[in-house]
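Asks: Dropping the structure in here first, questions after.
The values are calculated or read from the model by the stated rules, or taken from the named source; none is laboratory data. If you're wondering where the values come from, they're calculated on a predicted model, not measured in any experiment. Methodologically, a virtual Cβ is constructed for each residue, glycine included, from the backbone with ideal geometry; neighbour enumeration extends over all protein chains shown.
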Amino acid sequence: MTRTLLPRLAVLAAAAVLVAPAAPAAAAAPTAGVTVDRVDGLPADAPTTLQVGGSGFQVVRGGFGGVYVLFGWVDDPAGGAWRPSAGGVTGTHLRYAVDEAARDNAGYQVFVAFPGAATAVEANGGELGDDGTFSTTLTVPGARFVAVDAQGGTSEVDCTQVTCGVVTIGAHGVANATNETFTPVTFAAPGAQDAAAAAPRVAAATAEPSPSAASTQAAATAPVAGSTGGRPWLPVAIGAGALALLTAVGASVRRTRRRPTAT
């Protein structure tokens, strides 16, 4: 009997697996997104103001804090080890431009508060909408900036040697994986902006004149016959019609001079 029941039990178990309803898939965590109006060729030696927009951010109405929008550098952007929610440490895995408090803030660090948060009065970047969106401005100091290191000191970050960008993290030390993003930016070579600005002026100064302009200029500056070869006092370009008229007048004068005198 045992030999007969085992195959039957195996068949019944397989059938149960086939007809059992599939377990519902886990809902995907919302993903925040950031848009920046300019991400390539930022001036390396001067500040730049960026327009930053966010969508899909997790909102806690009346909750503590909100989102920091920063300019800085992160290690392993793709892997995400820099994220505070993954154990990332400021000064080691994440560095951002040092700024003052809200009163003297230069725009390198922006605080976007949760709607109705007790700390919303400190928000220099406005509030998150209930739909998880925000819009603010962020100032990039240039390709080099001073950051706080892990020991509490300061160090310089050179964004021409490492990848820097716009960073968002939970504000006031509250780690929130959904609200952690990194958007890279690039910088132009130092001095490239000045060279680009000077190029049109150089091109205009060295542009060759058109044929018509060249012929007019040559006629206007040609030495007058009998002169010492210097620039004439009144350089005038003589057209073909005027030249023909002068030729006719000269011929008439010559005929008059050759006319015999009446006896």
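Asks: Here is a check on your reading of the model: is P24 within 29 Å of the chain's Cα centre (by Cα), part of a loop (DSSP other than H, G, I, E, B) and at pLDDT below 95? Spell out how you get there, then give the answer.
Replies: Details: within 29 Å of the chain's Cα centre (by Cα): no; part of a loop (DSSP other than H, G, I, E, B): yes; at pLDDT below 95: yes.
Answer is no for this residue.
Asks: Of the conditions (1) among the aliphatic types (A, V, I, L, M); (2) out of contact with any strand residue (DSSP E or B) (no Cβ under 9 Å at 6 or more places or on another chain); (3) in contact (Cβ under 8 Å) with a residue 24 or more places away in the chain, A78 fails just one. Which one is it?
Replies: Evaluating A78 over (1) among the aliphatic types (A, V, I, L, M); (2) out of contact with any strand residue (DSSP E or B) (no Cβ under 9 Å at 6 or more places or on another chain); (3) in contact (Cβ under 8 Å) with a residue 24 or more places away in the chain leaves (3) as the failure.
Asks: Only one residue in A118, A123 is surrounded by fewer than 18 Cβ atoms within 10 Å (Cβ to Cβ), over 25 Å from D75 (Cβ atoms) and more than 23 Å from the chain's Cα centre (by Cα). Which one? So that I can check it myself, show each step before the final result.
Replies: Numbers: A123 fails: surrounded by fewer than 18 Cβ atoms within 10 Å (Cβ to Cβ).
Sole residue among the options that is surrounded by fewer than 18 Cβ atoms within 10 Å (Cβ to Cβ), over 25 Å from D75 (Cβ atoms) and more than 23 Å from the chain's Cα centre (by Cα): A118.
Asks: Looking only at segment 45-79, count how many residues are within 13 Å of G165 (Cα to Cα) and buried (at least 18 other Cβ atoms within 10 Å of the Cβ).
Replies: Residues flagged as within 13 Å of G165 (Cα to Cα) and buried (at least 18 other Cβ atoms within 10 Å of the Cβ) within segment 45-79 amount to 8.
Asks: Condition first: exposed (fewer than 15 other Cβ atoms within 10 Å of the Cβ), touching an Asp or Glu at 6+ places or on another chain (Cβ under 9 Å) and at pLDDT below 95. Can you find one or more residues in segment 90-101 that meet it?
Replies: Within segment 90-101, one or more residues are exposed (fewer than 15 other Cβ atoms within 10 Å of the Cβ), touching an Asp or Glu at 6+ places or on another chain (Cβ under 9 Å) and at pLDDT below 95.
Asks: Further question on the same structure: When you look at W82, is it part of a loop (DSSP other than H, G, I, E, B), crowded, with 21+ Cβ neighbours inside 10 Å and in the same structural domain as V167 (by TED's automatic domain parsing), yes or no? Step through it out loud before you land on a result.
Replies: Numbers: part of a loop (DSSP other than H, G, I, E, B): yes; crowded, with 21+ Cβ neighbours inside 10 Å: yes; in the same structural domain as V167 (by TED's automatic domain parsing): yes.
The answer is yes for W82.
Asks: If you scan segment 142-164, which residues turn out to be at positive phi and under 21 Å from the mean Cα position of the chain (by Cα)?
Replies: Initial filter on segment 142-164 (at positive phi): 142, 152.
G142, the sole residue that qualifies.
Asks: If a residue must be out of contact with any Cys (no Cβ under 8 Å at 6 or more places or on another chain) and under 21 Å from A143 (Cβ atoms), how many such residues does segment 60-75 contain? Can you show your working first?
Replies: Taking segment 60-75 as the starting set, the residues that turn out to be out of contact with any Cys (no Cβ under 8 Å at 6 or more places or on another chain) are 60-70, 74-75.
Next cut, under 21 Å from A143 (Cβ atoms) only: 69-70, 74-75.
Count: 4.
Asks: Also: Scan the strands (runs of 3 or more DSSP E) fully inside segment 88-181 and keep the ones with 1 or more residues being in contact with a helix residue (DSSP H, G or I) (Cβ under 9 Å, 6 or more places away or on another chain) and of a type in the set (F, W, Y).
Replies: On the way: elements: 94-96, 109-113, 134-140, 144-148, 154-158, 164-170.
In segment 88-181, 109-113 are the strands (runs of 3 or more DSSP E) which contain 1 or more residues that are in contact with a helix residue (DSSP H, G or I) (Cβ under 9 Å, 6 or more places away or on another chain) and of a type in the set (F, W, Y).
Asks: Also: Mind listing just one residue for me: the one in segment 44-75 that is in contact (Cβ under 8 Å) with a residue 24 or more places away in the chain and charged (D, E, K, R) and, of those, farthest from F182 (Cα to Cα)? Please lay out each step first, then the result.
Replies: First, the residues of segment 44-75 that are in contact (Cβ under 8 Å) with a residue 24 or more places away in the chain: 44-74.
With the extra rule that they be charged (D, E, K, R), the set shrinks to 45, 61.
Working: D45: 23, R61: 24 Å.
Here the residue is R61.
Asks: What number goes with the only condition from (1) touching an Asp or Glu at 6+ places or on another chain (Cβ under 9 Å); (2) under 21 Å from A106 (Cβ atoms); (3) crowded, with 16+ Cβ neighbours inside 10 Å that V166 does not pass?
Replies: Tallying (1) touching an Asp or Glu at 6+ places or on another chain (Cβ under 9 Å); (2) under 21 Å from A106 (Cβ atoms); (3) crowded, with 16+ Cβ neighbours inside 10 Å, V166 fails exactly one: (1).
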